[in-house]
Amino acid sequence: MKTISRPSSVVALLLLLTSCNVVRMAEKNAAKEYRQAGMTEHTFASPEGPRHVWASASTGKPWLMVVHGVTGNCGQYASNAEALSEHFDLIAPDLIGHGLSTNTWSGNSVDQQVAHMRLILDSLGVHEPVYLVGNSYGGAISANFAEQHPDRTRLLVIYDGPANAYTHAVADSVARSLGAESILDFFEPTTLDERERNLNAILAKPRKIPRFALKQMGEAGVAHLPVYQGLLKDLVERDAQYANKRYMWSMPVYVIWGAEDRLIPLFVGERIMRINELPADHWIVIPNAGHVANMEVPNTFNSVLLKIFKPYVDLCPDPARLSEGACTAEFDPQCGCDGKTYPNKCMAWRAGVRVVKSGECK
């Protein structure tokens, strides 16, 4: 895998926090990162409202869907997109109640989010199984998507996600340890100090955040607070349904966790492993990371994912392009995904190798 040299997402966040409008700049930067990774923005109409997603055009690579957590949006994975897009066609949706997707739902919120993800895949025309990664609340949703739609899921990665064990009592206890009265209180900050507390709760190393930036982020998020609260309340009140559930997964499942996660502690991931009797080597702890490893240590996170995927998908050859016949002598060097330089695209394709960039491999 090529290492993309750039500031970490957390450093980038801190740089954004010194700009005139942190929310607008964050959105612009995420869009720029996704476009550089070859992704396009889509909004699909439905009776319930818009369903928003960034996605690659199909290139024949495997599909990877990455799902954000509560109060987040599809931009969470923007800094990972370029590296992951070398090996996968990507899908990054906004969940119901988040970003530019609809706020409308009823009944069981988990099932509604699962249906939302399926409808996005259908709208994109993606019907083959996807590799699925879900963080936090998105990890719980992804766990249920994989169970309900095994034909649409090739492999599942639960990433600091409360698929099991995170009962209402546990969530409230964690919230109190962070300075809030309850988990619902934690996710409804009313002061600048509480907003800073919440941001630092997801990081391994707390940072000082400018007050004006906290004010802007609070103003931008206030419209979504009622739906965040409704989704969270519905989830924690169904804890008996999910806390000790043995999922009927038929695909490989991995659980990865930030070693310093204070919002959803390590023991939750360990319980997911035990309850579902997952293989011991499917449990991976990421050092120097809190709740959002993909933002704090993006290169490490990308490497962990690709290491997980490697036994299940050939991350390099493209057999669909493997064919016989002579190629021209044209010299137009192309870098293959195997790290070798080929004289031209034809020579790479004859070898069944996917081209990752024009020019010689470095």
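The values are calculated or read from the model by the stated rules, or taken from the named source; none is laboratory data. As the structure is a computational prediction, the values presented were derived from the model and not from experiment. Cβ placement follows ideal geometry from the backbone for every residue including glycine, while neighbour counts extend to all protein chains displayed.
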Selection within region 149-196 - surrounded by fewer than 16 Cβ atoms within 10 Å (Cβ to Cβ) and either under 28 Å from M251 (Cβ atoms) or among the basic types (K, R) (or both): P150, D151, R176
Matching residues in region 299-310 - criterion: being closer than 18 Å to D89 by Cα and either not in a helix (DSSP H, G or I) or not β-branched (V, I, T) (or both): F301, N302, S303, L305, L306, K307, F309, K310
Test: residue in region 206-221 that is surrounded by 19 or more Cβ atoms within 10 Å (Cβ to Cβ) and at pLDDT 95 or above: no
Region 225-281: number of residues that are farther than 14 Å from Y137 by Cα and of a type in the set (F, W, Y): 4
Some residue of region 253-273 being touching a strand residue (DSSP E or B) at 6+ places or on another chain (Cβ under 9 Å), part of a helix (DSSP H, G or I), of a type in the set (D, E, K, R) and surrounded by fewer than 19 Cβ atoms within 10 Å (Cβ to Cβ): yes
Flag for G107 being in a loop (DSSP other than H, G, I, E, B), surrounded by 24 or more Cβ atoms within 10 Å (Cβ to Cβ), assigned by TED's automatic domain parsing to the domain that holds H68 and not hydroxyl-bearing (S, T, Y): no
Residue match in region 108-131 (condition: under 14 Å from H42 (Cα atoms), more than 18 Å from the chain's Cα centre (by Cα) and of a type in the set (D, E)): yes
Which numbered condition E147 misses (of (1) more than 23 Å from C74 (Cα to Cα); (2) touching a residue at least 40 places away in the same chain (Cβ under 8 Å); (3) in a helix (DSSP H, G or I)): (1)
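Conditions (1) out of contact with any Asp or Glu (no Cβ under 9 Å at 6 or more places or on another chain); (2) buried (at least 18 other Cβ atoms within 10 Å of the Cβ); (3) at pLDDT 75 or above, marked per residue:
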{"residue": "N294", "(1), (2), (3)": "yes, yes, yes"}
{"residue": "F309", "(1), (2), (3)": "yes, yes, yes"}
{"residue": "Y312", "(1), (2), (3)": "yes, no, yes"}
{"residue": "D332", "(1), (2), (3)": "yes, no, yes"}
{"residue": "A351", "(1), (2), (3)": "no, no, no"}
